[in-house]
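The values are calculated or read from the model by the stated rules, or taken from the named source; none is laboratory data. In this text, all values refer to a predicted model and were calculated from it rather than measured experimentally. Neighbour counts run over all protein chains shown; Cβ positions are idealised from the backbone, glycine included.
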């Protein structure tokens, strides 16, 4: 059974020979470039500066030799434009992370260091613009810089957002089509599309827009207040974004057809450690109708599966996820309230594919001993893999300073054999 066959069986709730493995196929199942460099060294592979294809979280691009060793079965399809608005297909240059890790970054990855030691990064590589992200001097990823004009609540206009909802260009589609054809014809991997629009509303906070003072609501803290105080304004924004998303999915279908297996529809987090961020009633008012519209389009026009990322305690929303047509839930944060592996598999294992849940990246993987990692991975494998419907991945990205011995223990447990 090759990787694509294994992956598709799991997506269709059939039992593969082993659970398919993901590392680096999405922007929520990757690995810090700093840790990746150490992992390559531990695997005794030739050393080279990792390429950072996702500059916001500084994720390393996983190489083919690493995929082969750890048994990766799915690969990501990416747009050429990053979250900061510059492109990954214009060439690469060297850069050094704050911890000293040497990496390669896109040509338009432009940074400066301010008087407080923060690394500032600029939208679309334009140093004449206001910086759109900052990283502490000892940091490992960027935080977005909030940019917003003073708001007049009497003149709020959802149309202010139209410039934020962009359509794929011909160059974008040519890049995507070429890469999808290469993956499909030259490899045996399954394929997941890291779709460019993000979750509903997330584009409000994308730091790549080259605007010093974007119009409309752009402060994520104020956003949660407006969900309740200006619900119709938010709903109208979501309606515009949904229309754009469906047009882009139509363009994507023309470019890749059934070569694609999975499309990431949303990366919006709906859960905290203890409870959902929003009430089920508000979710059903603001998000569910539009996500159902997107899912219905995908399921009526394609063979793709829809992938939804949300951290946290989302058990009160799970029936809604199923009802609106979600196929895949990620990252399955089993440490959050009500999200224990046994309960979620028993209740939803025949309805949802669980992509993640393999090991806790907040505690066990970074701070446990290798035997702790082995024990947790084995338990999650036993629960989630029964009957298919499981793609092994960590719970969100592998963070910086994660011990490489723990990574080796994790993959050896999944594969049931030594890596070397």
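Residues that are in a loop (DSSP other than H, G, I, E, B) and either at pLDDT below 95 or crowded, with 16+ Cβ neighbours inside 10 Å (or both) do not occur anywhere in segment 235-255.
For segment 223-234, filtered to residues that are loosely packed, with under 14 Cβ neighbours inside 10 Å and touching a residue at least 40 places away in the same chain (Cβ under 8 Å), the residue that is farthest from residue 176 (Cα to Cα) is 228. For residue 165, the requirement of being under 28 Å from residue 249 (Cα atoms) and either surrounded by 14 or more Cβ atoms within 10 Å (Cβ to Cβ) or free of Cβ contacts under 8 Å to residues at least 60 places away in the same chain (or both) is met.
Of all residue pairs spaced 6 or more apart or on separate chains, those with beta-carbon atoms under 6 Å, a first member in segment 346-374 that is over 22 Å from residue 307 (Cα atoms) and a second member that is surrounded by fewer than 16 Cβ atoms within 10 Å (Cβ to Cβ) and at pLDDT 95 or above are 370/405.
Here is a yes/no grid of residues against (1) within 18 Å of residue 307 (Cα to Cα); (2) in contact with a strand residue (DSSP E or B) (Cβ under 7 Å, 6 or more places away or on another chain); (3) touching a residue at least 60 places away in the same chain (Cβ under 8 Å); (4) in a loop (DSSP other than H, G, I, E, B):
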site	(1), (2), (3), (4)
4	yes, yes, yes, no
19	yes, yes, yes, yes
52	no, yes, no, no
66	no, no, no, no
77	yes, yes, yes, no
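Please go through segment 286-295 and give me each residue that is assigned to a helix (DSSP H, G or I), out of contact with any helix residue (DSSP H, G or I) (no Cβ under 7 Å at 6 or more places or on another chain) and in contact (Cβ under 8 Å) with a residue 40 or more places away in the chain, ordered by number. Residue satisfying the conditions is 291 alone.
Which of (1) assigned to a strand (DSSP E or B); (2) modelled with pLDDT under 90 is the odd one out, the single condition residue 120 does not satisfy? With respect to (1) assigned to a strand (DSSP E or B); (2) modelled with pLDDT under 90, residue 120 is out only on (2). Checking each residue of segment 143-157 against the condition of being modelled with pLDDT under 95, over 30 Å from residue 226 (Cβ atoms) and not in a helix (DSSP H, G or I) gives no match.
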